[in-house]
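**Q** Can you keep this structure in mind? I'll have questions shortly.
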Amino acid sequence: MGKHVYIWVELQKIRVKTMKVYIESYGCAMNNADTNLIKRILSEKHEIISDPWMADVIIINTCTVRGETEKNMMHRIKELENIRCIKGSKLIVAGCMAKVQPAKILSISPEASLISPQKIGEIMEIIESKNREIRIVGEGIKDLKKMVTDGLTLTIPIAEGCLGDCSYCIVRLARGRLKSYPENEIVEIVEKAVGKGVKEIRITAQDTAAYGFDKGTNLVNLLKKILRVQGEYRVRIGMMTPNNALKIIDGLLEVYDDDRVYKFIHIPLQSGDNNILKVMNRKYTVEDYGEIVDRFRSIYPNGFITTDIISGFPGESDEAHRNTIKVLEETKPDKVNAAKYTPRPHTKAAALPQIPEKIRSERCREVIELSRKISLERNKIYEGKMVDAIVLGCNKRGFLKARMKDYRLALIEGSNELIGRIVNIKILEARETYLIGELTSSWSW
């Protein structure tokens, strides 16, 4: 009897029709990693296609970090819902918006299935189900080993959630409290990826510096184990909050000494005013941020620093805004991700008195203009210099994209045969977001 049941179950699996699946993704590196995992899971049995009109199943992996982002998501979901109605396809809304704003989604797409970031390991069951599925409650299991794919770059999430309680953040409600993934699993993924020819490993999380605090270990220990993997590859460390980065700063700087680690650090300031940081419920001061910048630049003066700024946060006075401008002028981050504050549902900051939209926009524009000036100034340091870089692909205009040791992007002319190789280039011209170089020589690792 048992044997017959087993055969029947296997036959049912075979009978599941191979479906055409269209997937699009928005938002952060974590979302991109989740989308990569979804594609890997589904490609085992189904076909991933690039046209939603030809799909049996449409998946959109959403972001809702800001008000403008939410509007864009709603607009796109409406478009995909229209396709679903016309073609009779199945629509699945995944990601942070599905987790924290399900009613909003269902108000415009009542037949959509919803899946939270924690539940994407169940995506196969959802697309093969004949019913609408709502899977947004509770924890799930992600098989990280399925993330490895062909290509030169791979984003590896090392944790889900964070330890923060920022008054403005809706993402923490979607991603939850910190859950670090096992070190041995992450290292195994790196080994497998490097073995398949991956040249750039991108370590990501809501806060990479918090990694392991829930497991009695830390990011430094993880990175040291990753760097024991033999091979020629580079590692980019993702965003770190200043307070958690400071707890491990000595070990971090030690890890950066490895030639395979990009001299790149992403530390969000958010505001250059300590009073605003308190209202934001950030757990660091402007001075903490400055200490990290000073220590990093004392060793790597040309190292690449990225930071984030929120302009027009509730309670931000003209003086507080000027303080932010002053900190940026003094610390000169190579890149600033600037955004005007938008109230997010279910957050404490949304209940505070709001600054007029016009003022928020003006302050954000000033931050962006300053950041562009600083970025160009910092990039000009390299004009006329010879540098080594790894070629990781090409852009739409046919230029090869090469990453320097500090993760700066250099564009060069050359054959696609150079992709995956180390090149020596002379920097001819600096732009705000990239450098223009000329190839002088190349070699394989």
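**Q** Has region 87-102 got at least one residue that is among the β-branched types (Val, Ile, Thr), touching a strand residue (DSSP E or B) at 6+ places or on another chain (Cβ under 7 Å) and surrounded by fewer than 22 Cβ atoms within 10 Å (Cβ to Cβ)?
**A** Scanning region 87-102 turns up no residue that is among the β-branched types (Val, Ile, Thr), touching a strand residue (DSSP E or B) at 6+ places or on another chain (Cβ under 7 Å) and surrounded by fewer than 22 Cβ atoms within 10 Å (Cβ to Cβ).
**Q** Inside region 264-291, can you point out the residues that are over 18 Å from the mean Cα position of the chain (by Cα) and either under 17 Å from Lys332 (Cα atoms) or not assigned by TED's automatic domain parsing to the domain that holds Gly212 (or both)?
**A** Once the filter is applied, which keeps residues that are over 18 Å from the mean Cα position of the chain (by Cα) and either under 17 Å from Lys332 (Cα atoms) or not assigned by TED's automatic domain parsing to the domain that holds Gly212 (or both), region 264-291 yields Ser271, Gly272, Asp273, Val286, Glu287, Asp288, Tyr289, Gly290, Glu291.
**Q** Suppose the filter is outside the structural domain of Ala339 (by TED's automatic domain parsing), surrounded by fewer than 18 Cβ atoms within 10 Å (Cβ to Cβ) and either in contact (Cβ under 8 Å) with a residue 24 or more places away in the chain or farther than 16 Å from Glu122 by Cα (or both); does His75 pass it?
**A** yes
**Q** Separate question: How many of the residues making up region 123-162 are outside any strand (DSSP E or B) and in contact with a strand residue (DSSP E or B) (Cβ under 6 Å, 6 or more places away or on another chain)?
**A** 8
Rundown of residues vs (1) buried (at least 22 other Cβ atoms within 10 Å of the Cβ); (2) of a type in the set (Asp, Glu); (3) in contact (Cβ under 8 Å) with a residue 12 or more places away in the chain; (4) not assigned by TED's automatic domain parsing to the domain that holds Tyr233, yes/no style:
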{"site": "Glu125", "(1), (2), (3), (4)": "no, yes, no, yes"}
{"site": "Thr149", "(1), (2), (3), (4)": "no, no, yes, no"}
{"site": "Leu154", "(1), (2), (3), (4)": "yes, no, yes, no"}
{"site": "Ser167", "(1), (2), (3), (4)": "no, no, yes, no"}
{"site": "Val171", "(1), (2), (3), (4)": "yes, no, yes, no"}
{"site": "Lys179", "(1), (2), (3), (4)": "no, no, yes, no"}
{"site": "Glu188", "(1), (2), (3), (4)": "no, yes, yes, no"}
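**Q** Keeping to region 344-369, report how many residues are assigned to a loop (DSSP other than H, G, I, E, B) and in contact with a Cys (Cβ under 9 Å, 6 or more places away or on another chain).
**A** Looking only at that region, the number is 2.
**Q** Of the residues that sit in region 262-289 and are in contact (Cβ under 8 Å) with a residue 24 or more places away in the chain and among the hydrophobic types (A, V, I, L, M, F, W, C), which one is surrounded by the fewest Cβ atoms within 10 Å (Cβ to Cβ)?
**A** Among them, the one singled out is Val279.
**Q** Condition first: assigned to a loop (DSSP other than H, G, I, E, B), at pLDDT 95 or above and not hydroxyl-bearing (Ser, Thr, Tyr). Can you find one or more residues in region 370-381 that meet it?
**A** No, region 370-381 contains no residue that is assigned to a loop (DSSP other than H, G, I, E, B), at pLDDT 95 or above and not hydroxyl-bearing (Ser, Thr, Tyr).
**Q** Then there's this: If you check Val65 against the conditions, is it outside any helix (DSSP H, G or I), within 30 Å of Met239 (Cα to Cα) and at pLDDT 90 or above?
**A** yes
**Q** In region 363-374, is there at least one residue being within 22 Å of Ile265 (Cα to Cα), assigned by TED's automatic domain parsing to the domain that holds Asn337 and basic (Lys, Arg)?
**A** Checked against the condition, which is being within 22 Å of Ile265 (Cα to Cα), assigned by TED's automatic domain parsing to the domain that holds Asn337 and basic (Lys, Arg), region 363-374 yields at least one hit.
**Q** So the check is Cβ under 7 Å with 6+ separation or different chains; which pairs have a first residue in region 219-234 that's under 12 Å from Val261 (Cα atoms) and a second one that's aromatic (Phe, Trp, Tyr) and part of a loop (DSSP other than H, G, I, E, B)?
**A** Glu232/Trp445; Arg234/Tyr262
**Q** Name the pairs whose Cβ atoms lie under 9 Å apart, with the first residue in region 404-420 and free of Cβ contacts under 8 Å to residues at least 60 places away in the same chain, the second of a type in the set (A, V, I, L, M, F, W, C) and in a loop (DSSP other than H, G, I, E, B), and 6 or more positions between them or separate chains?
**A** Leu411/Phe399; Ile412/Phe399; Glu413/Phe399; Gly414/Phe399
**Q** Report, by residue number, each residue of region 103-113 that is surrounded by 12 or more Cβ atoms within 10 Å (Cβ to Cβ) and not in a helix (DSSP H, G or I).
**A** The answer is Ser109, Ala112, Ser113.
**Q** Given the criteria at pLDDT below 95 and buried (at least 22 other Cβ atoms within 10 Å of the Cβ), does Ile120 qualify?
**A** Against the criterion (at pLDDT below 95 and buried (at least 22 other Cβ atoms within 10 Å of the Cβ)), Ile120 qualifies.
**Q** Next question, about the same structure. How many of the residues making up region 365-380 are loosely packed, with under 14 Cβ neighbours inside 10 Å and either among the aliphatic types (A, V, I, L, M) or at positive phi (or both)?
**A** 1
**Q** Out of all the residues in region 311-321, is one or more closer than 25 Å to Gly176 by Cβ, within 24 Å of the chain's Cα centre (by Cα) and hydrophobic (A, V, I, L, M, F, W, C)?
**A** Yes, the conditions are met somewhere in region 311-321.
**Q** Right, next: Among the residues of region 47-56, count how many are under 19 Å from Asp34 (Cα atoms) and surrounded by 23 or more Cβ atoms within 10 Å (Cβ to Cβ).
**A** 0
**Q** Which pairs do you get when a residue that is under 14 Å from Ile325 (Cβ atoms), found in region 344-373, comes within reach of a residue that is modelled with pLDDT of 95 or more and in a loop (DSSP other than H, G, I, E, B), reach meaning Cβ atoms under 7 angstrom, with the pair 6+ apart or on two chains?
**A** Taking only residues 6 or more apart or on different chains, the pairs are Arg363/Gly312; Cys364/Gly312; Arg372/Glu432.
The values are calculated or read from the model by the stated rules, or taken from the named source; none is laboratory data. Predicted, not measured: the structure shown is a model, and the values here were computed from it. Quick reminder, even Gly has a Cβ in these numbers, built from the backbone with ideal geometry, and neighbours come from all protein chains shown.
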